[in-house]
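The values are calculated or read from the model by the stated rules, or taken from the named source; none is laboratory data. Model, not experiment: these values are computed from the prediction. In this analysis, Cβ positions are derived from the backbone assuming ideal geometry, glycine residues included, and neighbour counts consider all displayed protein chains. What goes into the accessible areas is simple: the full protein's heavy atoms, side chains included, and nothing from ligands, DNA or RNA. Shrake-Rupley method; radii C 1.70, N 1.55, O 1.52, S 1.80 Å.
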Amino acid sequence: MANRVTVIGGGLAGSEAAWQVARRGIPVRLYEMRPVKSTPAHHTGNLAELVCSNSLRGAQLDQAPGLLKEEMRRLGSLIMQAADASAIPAGSALAVDREEFSRRVTEAILSHPLIEVIREEVTEPPADGPVIIATGPLTSDALSRWIRSFTGEEYLAFFDAAAPIVTYESLDLSKLFRASRYGKGSGDDYLNSPMTREQYEAFWQALVEAERHVPHDFERGLFFEGCLPIEEMARRGPDTLRYGPLKPVGLVDPRTGKEPYAVVQLRRDNRYGTLYNLVGFQTSLKWGEQKRVFRMIPGLENAEFARYGVMHRNTFICSPKILKPTMQTRKRPDLFFAGQITGVEGYIESAATGIVAGINAARLVRGEEPVAFPPETAHGALTRYITEAHPDHFQPMNIAFGLLPPLPRRVRDPRRRRLLMAERALKALEGFAPARLPETAPVIAGGGPAGSAAGARAPATPAGREAPVAPGRASTRAAETPTPVPGR
């Protein structure tokens, strides 16, 4: 076991993982191939570059992204420090000035005396761990080949085709019936939404006219016959869906005793039965259009979307087969994965898995056992979902309240229910001792680029020793401007 941690990838997850390790007094080597070698989506050599939206989504505690962000703040997240310091007006969401955001992260990482940044491509991880692979959805071809060899070819995907997921609480069960096609399985494995001819034709018309997301140039031509967007199937003719994902064959509506004109099937998506997946509804429609059109499905008029459907290039592993909730690989305990390559969607979700991997990699170096976060927390719920979901249906996922265990008693008001779940999560995190900094963790004095972001949110770290400069090869770090390390 090496006395340092190697992090491969300088995106949000890799930057956060390196920060969490260094906060615990462990030297880090952070490898980032940009700007020596770029990707089709990146434009700079900065760490934590935001390549799509500049929004980190909801900021309130009754929103699942808001809860995850608050947990991250309490865990001393560098990503949240930079985001809060570079925030711009965006209503109830947290949006950032993307250039200032990535600059703050980059400067904080480069100026930390325990982090050495090396600008070169890594084609395979070093044999001496701990190692964290956080190379994101556009992992280089060479490293992808190594990952495929390590995990098994069938456990690495290069295309993300995910159907929407809705919450069970938001469905109108009076319009749905439970059944499996031809009574297979337990006979009631699916929720089924029967459609009349009029309902189907109105839905089909709205679907073919809905506005689609325009793919990046490097994503064009990714669709293939076995995984077409549902709106693309609909464009092939009015009855295409009735012979595809909406076929009614083998399903009888118990209220009429007849086979419906068309049927939308919903499949349970988690162990708690709080989330359901729209079967066969992979889509490239814009999110607002998905909400408008898919709410035309009987029983989904007030559906809450825990995840919208997506179709884009995305390298990710089958985490339920490969990872533990600690973010360790089952095959090699000193090798971790973090970020979108694990099957999480979104900026903050990526950074959150970096926190978990970073804490646990540091624990390994310190001779301590890695830990799984409590399932009541957003961190614990997210990491458990991606590592315990059904591997045959696994697709990337955002944080959602439906991933957390239900409350002991049913609370009908959705906002109050979410706030109670958030309160429970933060209480569980407060009592989770492994997330706290060790007593021997160093404090870096000074007023570096992360300092202004940390002050208002994070409690002060107890005084400790000054950290030494990381040993090893020469780095590309800028001048050693001290940076304060916030803690709990």
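Which aspartates and glutamates have a Cα lying under 20 Å from the Cα of Lys184, excluding residues fewer than 8 positions away in the same chain?
Asp253, Glu259, Asp269, Asp392
If you take every residue apart from Ala210 with its C-beta less than 13 Å away from the C-beta of Ala210, what net charge results, scoring Lys and Arg +1 and Asp and Glu -1?
Here the charged neighbours net out to +1.
To the nearest 20 debye, what is the magnitude of the charge dipole of the range 269-322 about its Cα centre, counting +1 on the Cβ of each Lys and Arg and -1 on the Cβ of each Asp and Glu?
180 debye
Counting only heavy atoms of the protein chains, get the accessible area per residue of the range 280-386 (1.4 Å probe) and round it to a whole Å² value.
In whole numbers, the range 280-386 has 27 Å² accessible per residue.
For Lys175 paired with Arg330, estimate the spin-label separation in nm (one decimal), with each label point 7 Å from Cα along the Cα-to-Cβ line.
With each label placed 7 Å out from Cα toward Cβ, I get 4.0 nm.
Assign unit charges at the C-beta atoms only (+1 for Lys and Arg, -1 for Asp and Glu), then state the dipole size of the range 359-424 relative to its Cα centre in Debye, rounded to the nearest 20.
Result for the range 359-424 is approximately 520 debye, rounded to the nearest 20.
So how much slack lies between Tyr182 and Tyr243, counting 0.36 nm per residue of separation and subtracting their Cα-Cα distance, in nm?
Gain on stretching Tyr182 to Tyr243: 20.4 nm.
On full extension of the chain, what length is gained from Arg410 through Arg148, given 0.36 nm per residue of separation minus the C-alpha to C-alpha distance?
Extra length from Arg410 to Arg148 when fully extended: 89.9 nm.
Using 7 Å Cα-to-Cβ label points, what is the Glu259/Asp141 separation (nm, one decimal)?
4.8 nm
Any of Lys324/Lys427; Lys69/Lys427; Lys175/Lys258; Lys69/Lys331; Lys175/Lys247 with alpha carbons more than 22 Å apart? Name them for me.
Lys324/Lys427; Lys69/Lys331
Per residue, how much accessible area does the range 1-131 show when a 1.4 Å probe rolls over the protein heavy atoms, in square angstrom?
Value for the range 1-131: 31 Å² per residue.
Starting from the Cα of Thr123, step 7 Å along the direction of its Cβ; do the same at Met1; then give the gap between the two resulting points in nm.
About 3.1 nm, to one decimal.
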